[in-house]
Every structure is written in structure tokens, then in C-alpha cells.
Amino acid sequence: MSRPAIAHIRLNAFRHNYRVAKQMHGGKALAVIKANAYGHGAEQCAKAIENESDGFAVACLEEALQLRQAGIKNPILLLEGFFEAAELPEIVAHDLWMVVHAQWQVEILLAAKLAKPLHVWLKLDSGMHRVGLSPSEYVSAYAQLDQHQNVAKIVLMSHFANADNLSSQHTLQQIEVFKNTVACLNSQAYMADFSLANSAAILGWQAAKGNWSRPGIMLYGADPLMASDTKLRPVMQLTSQIISIRKITKGESIGYGSIFTAEKETIVGVVACGYADGYPRTATGAPAAVDGKMTRIIGRVSMDMLFVDLTDIPNAKIGSTVELWGDQVAANDVAKAAGTIAYELFCNTKRVQFSYSDS
Ligand SMILES: Cc1ncc(COP(=O)(O)O)c(C=O)c1O
């Protein structure tokens, strides 16, 4: 018998969420499947929507090549573009699209000798101040790249810092900076395709609509706005089983650091899953479901095991299924208890068995 910790990946839910994202935003949607599809399996997720996806977005060339080797023919955008000039021939050879986000990339692209012109997504820093050209750099880069022999097409893009915060004005300010900058480009640029919206903007900011959206986290079923009436379906369900049960009396403690001490007689279940599997060590207090009944994590999460409170689940037994996140237990709620975000939970899920279904 193998270790019972399993990440069930429901590809039909992934497909459903892609359709929701595309329909909510309108236009075309690049499915963001970087970092191994946020830990879900990039090849499997890409295959699940290859017949309908307008394209995929990954972080870098290596991630794109993995998809091409798996037979994915859809457009693939490199969100960080290239890291050195030597990647450009490969980007051309594999027919990839790339973000250009920095002046040094503009210079290399202008100077390169390429077999074919490249499809560029020119990224403006409209206020996130991570990557992206400043508005003045953007205007001059656009003028140099537009009509240049190395450039087939330019899509205008920017990225939001605070789209998941509906009470912040920052997203509207970023849209304003984007519009003002585009207004300074040459007269043809107003017809160019443009792309602003990540998941939070698709869900929360009408004003961020462009010809292309770039949904990521919503494809995996976690609503970045934490809405309870979400149309999204969880893709990953992380489950394991109870492998030990004991009763402790008032005053007894459990696990490393003895951080949980029983205030009354307590039935404690040990679950085969821990921080080496990606379950956060800081998630004490997070919800979990045992045979469909809600309870919580108690004590300190250890490397391969964690504790759940079974006091109110008298039928729980060795082998009972524990959902750590998925359908009953929202990944967002576990993330909140652990002081992180669902993105990180998903990306960190490892070592467990991955099981794929599509119905
Ligand atoms: C440029 C860009 N666009 C879109 C996304 C997708 O964002 P989200 O997962 O919040 O939808 C990311 C993710 O980090 C990104 O870097």
C-alpha cells in the first residue's frame, strides 16, 4: 500500500474555469500555466484546453519548451521574455511569443539577427514597479520596435499590483497611466491589441478589459477576491487519510513544541500529510474535512504528518479520508490560516501522488 496523500486534479474543472474567465472578460484569454500550472501539472492542464485555448502564458523558455515537446501547438507567451540574447533563436524556432519588459531587452531585440520576426508583448510599468518599461521608455521603445524587421506584431500590456483589493484606487490609476501612455504612441497604436487583466481584474474591474485577458489563479478555482458566490470550481483536491487515533486527557499536549494542550478530553487523529508535501507548517487552526465533516488542524504540522481534532467526529477511523483543501475546504481558507495565499499552497504541493481525472 502506498502513502495515501493524493492531489486529485480535476481537468474538467480547469476547463470550466477557463470558459468562465473567457466569457467574463470577453475577447481572447491566455491561460497562465507558469510554474507547472501553479503546481497542477502544466502539460495536463494545457492538453485539457488545447482545442479551445487562445494561448498559454509561462514564465520562461524552459517551461514553453516542455509544452512544445508535449505537442502543444497553441501560442505560448513567455511572461518574462528572454534572459539572454542566446535564447532568441530558440524563441523564433519554436514560434513563441515574448514579453519585452526592460530597456536592455529592447536593445538586444533591435540588434539581433533573426530568421523570422517575433511577436512581442510590450510591457508598461503602469505602477506596479516590478518589471515593465516606464511610460517614457515605453513610447520610445514602441517607436523603435513598430515596423522593425525583427518584430511581427506588438501587443500592449501591463500588470496590476492591487487588483484583488476592490477598495484600492490603484488599479484605476494604473489603467489611467496605461491609457495616457498609449495616447502618446503613434497614430496606428490605438488599433493594437492590448492586455491588462489578471484573474482579480477579470472578476472585479470592468475598466480593465482589453482584447486579451491573462487569467491564472481563477483557472485553478481559487477566487482572488474571496467571493463566496464564485462560479469557479476547485481543480486540486488534496486528500490523505487518518493513520493513528488517540484520546488525550485535559492538560496533555501533542506534537512538536507541545503547542496544543487539551482543555478537555480530546480525540486526536494523525493524518499522513505534512510540510514536506507542501501543507504549510503555519496552518494550525486551518479547516479540514474528515469523511465529509468539518474540523480543524491542531498542534504543529510536522514534515509528514499533521493532527486533526476528531472529538466531534466519533465515526472517524483509521483510513478515514481527510480533505485538506478542495471542495469542502477552500484553499483560500487554509491559506488565510497559514498567512499565505492559495497560489503558494498549490505551487508548493509536491511529493504526494498526483491523480488526473477529466470527468
Ligand atoms: C504578467 C502576468 N499576467 C497574469 C498573471 C496571472 O495572474 P493571476 O494568477 O493573479 O490571475 C500573472 C501571474 O503572476 C502575471 O505575472
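The values are calculated or read from the model by the stated rules, or taken from the named source; none is laboratory data. Keep in mind that this is a model prediction, so the values were computed, not measured. Ideal geometry is used to build each Cβ from the backbone, glycine not excepted, and the neighbour counts take in all protein chains shown. Heads up: the accessible areas ignore ligands, DNA and RNA and are worked out on the full protein's heavy atoms, side chains in. Shrake-Rupley method; radii C 1.70, N 1.55, O 1.52, S 1.80 Å.
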**OP:** Kindly report, to the nearest 10 Å², the accessible surface of MET226 as traced by a 1.4 Å probe over protein heavy atoms only.
**Re:** 110 Å²
**OP:** Any aspartates and glutamates with Cα under 16 Å of the LYS28 Cα? List them, leaving off those in the same chain fewer than 8 positions away.
**Re:** GLU50, GLU52, ASP54, ASP193
Original post:
For the chain, what is the largest minus smallest coordinate of the Cα atoms on each principal axis, given in angstrom and ordered from greatest to least?
Top reply: 76, 43, 35
Original post:
How far is the Cα center of the range 249-265 from the Cα center of the range 130-178, in Å?
Top reply: 54 Å
**OP:** Compute the Kirkwood hydrodynamic radius of the range 240-359, taking the inverse of the mean of 1/r over all pairs of distinct Cα atoms, and give it in Å to one decimal.
**Re:** 14.4 Å
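Less than 9 Å Cβ to Cβ from ILE267, Lys/Arg counted +1 and Asp/Glu -1: what total charge do the surrounding residues give? Kindly include the intermediate steps, with their values, before the conclusion.
Values: positive: ARG246, LYS247; negative: GLU265, ASP309, ASP312.
Neighbour charge sum, excluding ILE267 itself: -1.
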Original post:
Using a 1.4 Å probe on the protein chains only, how many percent of the accessible area of the range 215-356 belongs to carbon and sulfur?
Top reply: 50 percent
Original post:
Roughly how many nanometres apart are two label points built 7 Å out from the Cα toward the Cβ at LYS250 and SER140?
Top reply: 7.6 nm
Subject >> Residues of the range 1-159: accessible area per residue with a 1.4 Å probe, Å² >> reply: 41 Å²
**OP:** Please identify, among SER126, SER134, SER253, the residue showing maximal mean-square fluctuation in a Gaussian network model of the chain using a 10 angstrom Cα cutoff.
**Re:** SER253
Original post:
Reachable lysines from LYS264, Cα under 18 Å, same-chain residues fewer than 8 places away excluded?
Top reply: LYS247, LYS250
Original post:
So which lysines can LYS123 reach, going by Cα to Cα under 17 Å and dropping same-chain residues fewer than 8 places off?
Top reply: LYS153, LYS179, LYS209
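Quote the relative contact order of the range 93-193 in percent (integer), defining contacts as alpha-carbon pairs under 8 Å separated by 6+ residues. Can you show the working numbers first?
Working: 147 pairs, mean separation 27.9, N = 101.
Computed over the range 93-193, the figure is 28 percent.
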Original post:
Any idea what angle helix 135-145 forms with the longest principal axis of the chain, computed on alpha-carbon atoms, 0 to 90 degrees, nearest 10?
Top reply: 60 degrees
Original post:
Among ARG15, ARG68, ARG130, whose mean-square fluctuation peaks in a Gaussian network model of the chain (Cα, cutoff 10 Å)?
Top reply: ARG130
Original post:
Relative contact order, percent, of the range 215-359 when contacts are C-alpha pairs under 8 Å separated by at least 6 residues?
Top reply: 25 percent
Original post:
Summing Lys, Arg as +1 and Asp, Glu as -1, what charge do residues with Cβ under 15 Å from the Cβ of GLU52 carry, GLU52 excluded?
Top reply: +3
Subject >> ³J(HN,Hα), Karplus 6.51/-1.76/1.60, whole Hz, each residue of the range 72-79, x for Gly, Pro >> reply: 6, 9, 5, x, 10, 9, 8, 5
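Hey, what number do you get for the chain at 222 nm if only DSSP H runs of n ≥ 4 count, each worth -39500 (n - 2.57), divided across all residues, to the nearest 500? Write out the running numbers ahead of the final one.
Numbers: 11 runs with 98 residues, N = 359.
Calculated at 222 nm, the ellipticity per residue is -7500 deg cm²/dmol.
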**OP:** List the residues whose amide H sits under 5 Å from the amide H of GLY81, counting only those 5 or more places along or on another chain, with H placed 1.01 Å from N in the peptide plane.
**Re:** VAL99
Original post:
Amide H neighbours of ALA197 under 5 Å, counting only residues 5+ apart in sequence or on other chains, H built in-plane at 1.01 Å?
Top reply: GLY210, ARG214
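For the chain, what's the relative contact order in percent, using C-alpha pairs closer than 8 Å and at least 6 residues apart? Walk me through the intermediate numbers first.
Working: 800 pairs, mean separation 67.2, N = 359.
Once divided by the residue count of the chain, the mean separation gives 19 percent.
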